[in-house]
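Right, one structure below, let's go through it.
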Amino acid sequence: MLEVLTEFMIIDIFVRNFGRFMSGLRFTITLTLVVMFLGTILGVILALGRSYGIKPISWFCTAYIEIIRGTPMLAQLFILYFALPAYGIRLSAVAVAYLGFTLNCAAYQAEYTRVSIESVGADQYKSAYSLGMKRWQTILFIVLPQAVRWSIPAWTNEFIYILKYTSLAYIIGAPDLMTQGKFIASRNYQFFRVYLIAAIIYLIIVLLSTWIIDKIEKKFKIPGFG
Amino acid sequence: MEDKNRSLLNIIDLKKSFGDNLVLDGISFSLDTGENKVIIGPSGTGKSTVLNCVNRLVVPDGGEIWLEDTEIISCNNINEIRQEIGYVFQGFGLFHHLTALRNVMLGLIRVKKVPKKEAKEQAIAKLEQVGLLDVLDSYPAQLSGGQKQRVAIARALAMEPKLMLFDEPTSALDPELIGEVLNVMKNLAREGMTMLVVTHEMGFARAVSDEIIFMEKGKIVEKSSPEKMFKQPENPRTREFLFKLDELYGKGGEE
Amino acid sequence: MSARLELIRRSLPALLGGTVITIQMTVLILLFGVFFGLIFAFGQVYGNKPIRWFVNIYEKLFRSIPELVLLLLVFYGPPSIGIRISPFNAAVLGLSLRATAYMSQIFRGTFKSVGSDQITAAYSLGMGKYKTFLFVILPQAIRVFIPPFANEYAIILKDTSLAYALGVAELLRQGQYIIAVAYDPLTIFLVIAVIYFILTFGVTRLLKLLENKLKIPGIGVEIG
Ligand SMILES: Nc1ncnc2c1ncn2[C@@H]1O[C@H](COP(=O)(O)OP(=O)(O)OP(=O)(O)O)[C@@H](O)[C@H]1O
Ligand SMILES: [Mg+2]
């Protein structure tokens, strides 16, 4: 029993490697924020392309979204990291992380946005057209603003997913929290304890983010919406 | 106390609060076999709560409810008692995943353990009684409000209850569908079913009820026969309320 | 081109072997997740305060820790106190802990989607809690359950690729083995992607068909 308990004595390790943990955390958070920002913009464009684009565009967007959502993120990272060099495109682990997560995130954000776009009723188009609005104006000023509002819960869910999945950077070696953890553990051989520290750090930032997102959502809640 | 053996249902000094909201403040009345009473009163007065207490879907804070020789609040076989009391809700409460026929059969098969074939026969008979032989295989979402409510009545009747409770059975219905449900209820009353009905359909009250109970703010303000209630109500509050009902639903006696 | 086809033909047996491991893991995790998720959901709905507390904390915990970190913790944890655990078992256990948390939430949402009027109506017919659950709540809930279940299935299938990090010879790692000897990573990865895609897209489509089959007539729009 005592043996089990001592396994959980981690403060010492945390203090000794504070700098590394923090630099890993900084990378994780920056990566998450940038990926979310770019991924959401790209996602909205993909969703619009799928719902309103001419046939080839719509077809391309649909295929992109379904293929990304139908395959593991790790396989996608591997293609960027291991397969592209065979064609002379050599990307660093950091670049693969930014690119791979963004491309992945975009597909999911696109899907959530599409569902919201489709849930905007036909009456909205009708009233917009009856005011003399053009198709693109209707999409841009009437449908999209509503769809974005419907999408926000799913988008913020995706934020938590990306925050957790950036840990996959560990497998290709971009310097995120887990990669730093692996580095520390490879020196002191305390794999369990080091990863336990990482787990606790993730737990704290995930719970904190959820809390902050909740607060923001409450504050900007539009009466009668959602 | 000796009263309780004579009546089918006897409610004595019923009390209920939700938090610090006193909803029932000492309600007492009784119902003999074959009798038919109507409860009226403003919204939020506790009418539904009375019915819910009778079925113990809401547990009262005080008082007694006797169904013949069984005290409902303290009994330990509530599921058997509930079989003796049919309950028809304002919102129908039909099981969405079952056809009309299956809705009526469910209680027979699962609660009464009637064999399937007999259950089907009995269910069809009840659905015939409410005039619904043509929609046996329809799902609730495919029925009109009036049809739904009649299925709900058939479902309750199938359990062969001693007492039927109705909680505003027609107030969720379009006006043109109210009549078909009220007719089923009138027929039931004529056949001798004991009924306790919350409704604002004064035509129905006048035609079939033995007594009208006017409730307000958790108390019974007045109870008397329909003739007396409509011609010369004792309490000024009753008069006021009936006047408002007239405005809302039209005069009751004409029908 | 023909060299490429030849490579695919030669590597397919190994890749299918990896696929079998991937499917094994997925099925085991789903079984664990559904079984314990159901128990947890019941605990959360019908349990007393300490049980509800436990389920809440469990869900928060295992939904917040990244899947990969969970796998590594389960892999490195037991050996440090002298218990041996194989990479395969560690991966299944780690992902099951997570799946239980999500399934429990899915079940809870599903039960809640059955309106309280349905329960009241069942009680008023003299049905007890058990019968009400079995004959009224469950048959309605199962239809609502299918879409989130299909979604969860796809997530679990894709997450089994994380077992790569523990050295489990699942689909992705089998691919890496082949790439190490035949240097054509893109071809192999594309084959792998196709296999994953068939497994996710194909199965979710099948579940969609089932969902349509179970649809209650007259109720057009499904919840969720
Ligand atoms: N389960 C409950 N929890 C808390 N409060 C309740 C509950 N059920 C009823 N109440 C409250 O009790 C009061 C009486 O409700 P009840 O439904 O019995 O009134 P009612 O006379 O049937 O009204 P209506 O004509 O609107 O149906 C209301 O203030 C209501 O808000
Ligand atoms: Mg009421």
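In table form, for the structure just shown:
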item	result
Burial ranking of peptide ranges B:174-181, C:29-36, B:92-99 (average Cβ count within 10 Å, highest at the top)	B:92-99, C:29-36, B:174-181
Hypothetical label at A:D123: residues of region A:138-172 whose amide nitrogen lies under 18 Å (7 Å Cα-Cβ projection)	A:142-144, A:146-147, A:150
Dipole of region B:13-89, positive direction: furthest Cα of B:N76, B:G34, B:T45, with charges on the beta-carbon	B:T45
Cα-based reach from A:K182 at 14 Å (exclusive), listing aspartates and glutamates while leaving out same-chain residues under 8 positions away	none
GNM flexibility winner over chain C from C:A165, C:A101, C:A180 (Cα, springs under 10 Å)	C:A180
Shielding by other protein chains, A:63-70, mean Cβ within 10 Å	4
Whichever aspartates and glutamates have a C-alpha closer than 16 Å to that of A:K126, once near sequence neighbours (fewer than 8 apart) are set aside	A:E118
Peptide C:167-173 - average C-beta neighbours from other chains (10 Å radius)	1
Average other protein chain Cβ within 10 Å of Cβ, residues C:70-83	5
Helix-only CD estimate at 222 nm, as mean residue ellipticity for the protein assembly as shown, using -39500 (n - 2.57) per DSSP H run (n ≥ 4)	-20500 deg cm²/dmol
Span-like helix ranges in chain A, DSSP H, alpha carbon extent 20 angstrom or more, Kyte mean at least -1.0	A:18-52, A:55-70, A:93-119, A:144-165, A:191-219
Cross-link pairs beyond the 31 Å C-alpha cut-off, checked among B:K148/C:K213; B:K217/C:K49; B:K116/C:K215; A:K218/C:K49	B:K217/C:K49
Cα centre as origin, Lys/Arg/Asp/Glu Cβ charges: region A:93-226 dipole, Debye	200
Kirkwood Rh in Å, taken over all unlike Cα pairs in region A:144-226	14.9
Lys pairs under 27 Å by Cα in region C:56-163, provided they are eight or more residues apart or on distinct chains	4
Accessible surface, per residue, of the protein assembly as shown when the full set of protein chains is kept, probe 1.4 Å, Å²	47
Interface burial for A against C (accessible surface, 1.4 Å probe, total of both chains, Å², rounded to 100)	3300
Cα centroid separation - region C:1-30 against region A:33-77, whole Å	26
Chain pair B, C: total accessible area buried, heavy atoms, 1.4 Å probe, Å²	2000
Helix axis angle, B:175-190 relative to chain B longest principal axis, alpha carbon, degrees	90
Distance between modelled label sites at B:N77 and B:L133, nm, 7 Å Cα→Cβ extension	3.7
Using alpha-carbon coordinates, inclination of helix C:185-197 to the longest axis of chain C, degrees	20
Three-way shape label, chain C, alpha-carbon gyration tensor, a/c 1.5	oblate
Cβ crowding within 10 Å averaged over residues, with B:150-161, A:187-198, C:82-93 ranked highest first	B:150-161, A:187-198, C:82-93
Angle between chain C longest axis and helix C:203-214 axis [Cα atoms, degrees, rounded to 10]	20
Radius of gyration, Dmax [region B:59-112; alpha carbons; angstrom]	14.1, 40
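The values are calculated or read from the model by the stated rules, or taken from the named source; none is laboratory data. None of the values given here were measured: they were computed from a predicted structure. Positions of Cβ are backbone-derived with ideal geometry, glycine not excepted, and every protein chain shown enters the neighbour counts. Note: accessible area is taken over every heavy atom of the protein model, side chains too, but ligands, DNA and RNA are not part of it. Shrake-Rupley method; radii C 1.70, N 1.55, O 1.52, S 1.80 Å.
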